[in-house]
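Step one of this worksheet: look at the structure below.
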Ligand SMILES: CC(C)(COP(=O)(O)OP(=O)(O)OC[C@H]1O[C@@H](n2cnc3c(N)ncnc32)[C@H](O)[C@@H]1OP(=O)(O)O)[C@@H](O)C(=O)NCCC(=O)NCCS
């Protein structure tokens, strides 16, 4: 098997990004079938990022050209919110006018919550945005986890942000994802003042 490596995102990775998002969206595990429509999670938490900021998306290539993990980010969350309102929100609302029937999974973050998230990018306007203007999402397929790719992806994105003069980056996460929390703690992320136990908000400088 060829060795995996990190490379910049390219448009041909887009469908794989959506797939990886779905396979890791249930507290770090497979979210297939959790919602009535498997396209919802990627349309809220992955695809707008690669469309808006393809140059801040980095891929773990499994050695065959296939993406098996990613970090995606935006440098200026406030500008991303404006772009979302203009460019992403209308199509999203048209594709997903109403929540589908409930599934057996009964997720805590319901399909109605997910639809609201897709329509309300202002949810990303955290109190600490001036000091932490960038934000990110990171997901690796299980076969690539625990080999140092997560740390290297975060370092790659932080370096790209630092190059653009962005001082710090934040992320929001599912409090049930204790493995991811241990990872962020290990890398030196800290809780932001507006972090809540039910909605953890973490941040880190780009050059710390
Ligand atoms: C969370 C995730 C991004 C971490 O990436 P990873 O490649 O598995 O982590 P790494 O191997 O780079 O680990 C980096 C460091 O964190 C530590 N770490 C990682 N996971 C840990 C865990 N569950 N518990 C304790 N420490 C952990 C590692 O020991 C390592 O320490 P070191 O570099 O000092 O030796 C990855 O596992 C993943 O994508 N999980 C599924 C999706 C997900 O949960 N995404 C995050 C949503 S908020």
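No lab work stands behind these numbers, since they all come straight from the coordinates. Bear in mind that the values here come from a model prediction, so they are computed numbers and not experimental data. So basically every Cβ, Gly included, is an ideal-geometry build from the backbone, and we count neighbours across all protein chains shown.
Observations on the structure shown:
- Of all residues assigned to region 118-135, at least one qualifies as being within 14 Å of the chain's Cα centre (by Cα), buried (at least 20 other Cβ atoms within 10 Å of the Cβ), within 16 Å of the ligand (Cβ to nearest atom) and under 20 Å from residue 25 (Cα atoms).
- Residue among 4, 99 that is within 16 Å of the ligand (Cβ to nearest atom) and more than 19 Å from residue 136 (Cα to Cα): 4
- Of all residues in region 12-25 being in contact (Cβ under 8 Å) with a residue 40 or more places away in the chain and in a helix (DSSP H, G or I), the one that is farthest from the ligand (Cβ to nearest atom): 13
- Residue check for residue 121: under 19 Å from residue 74 (Cα atoms) and in contact (Cβ under 8 Å) with a residue 12 or more places away in the chain: yes
- Entry remark, region 104-117: residues being loosely packed, with under 13 Cβ neighbours inside 10 Å and farther than 15 Å from residue 25 by Cα number 2 in total.
- The set of residues in region 188-208 being under 19 Å from residue 27 (Cα atoms) and part of a loop (DSSP other than H, G, I, E, B) consists of 189, 195, 197, 198, 200.
- The set of residues in region 177-187 that are assigned to a helix (DSSP H, G or I) and near the ligand (Cβ under 7 Å from one of its atoms) comprises 179, 180, 182, 183, 186, 187.
- Qualifying residues in region 26-42 (those that are more than 16 Å from the ligand (Cβ to nearest atom) and surrounded by 20 or more Cβ atoms within 10 Å (Cβ to Cβ)) - the one farthest from the chain's Cα centre (by Cα): 35
- Any chance residue 69 is under 29 Å from residue 144 (Cα atoms), surrounded by fewer than 13 Cβ atoms within 10 Å (Cβ to Cβ) and touching a strand residue (DSSP E or B) at 6+ places or on another chain (Cβ under 8 Å): no
- Screening 114, 202 for residues that are closer than 30 Å to residue 97 by Cβ, touching a helix residue (DSSP H, G or I) at 6+ places or on another chain (Cβ under 6 Å) and more than 8 Å from the ligand (Cβ to nearest atom) leaves exactly one candidate, 114.
- Residue in region 65-76 that is without any contact (Cβ under 8 Å) to a residue 60 or more places away in the chain and assigned to a strand (DSSP E or B) present: yes
- For region 150-176, the tally of residues that are within 7 Å of the ligand (Cβ to nearest atom) and either surrounded by 21 or more Cβ atoms within 10 Å (Cβ to Cβ) or assigned to a loop (DSSP other than H, G, I, E, B) (or both) stands at 4.
- Residues in region 128-149 that are assigned to a helix (DSSP H, G or I) and either closer than 12 Å to residue 75 by Cβ or out of contact with any strand residue (DSSP E or B) (no Cβ under 8 Å at 6 or more places or on another chain) (or both): 1 in all.
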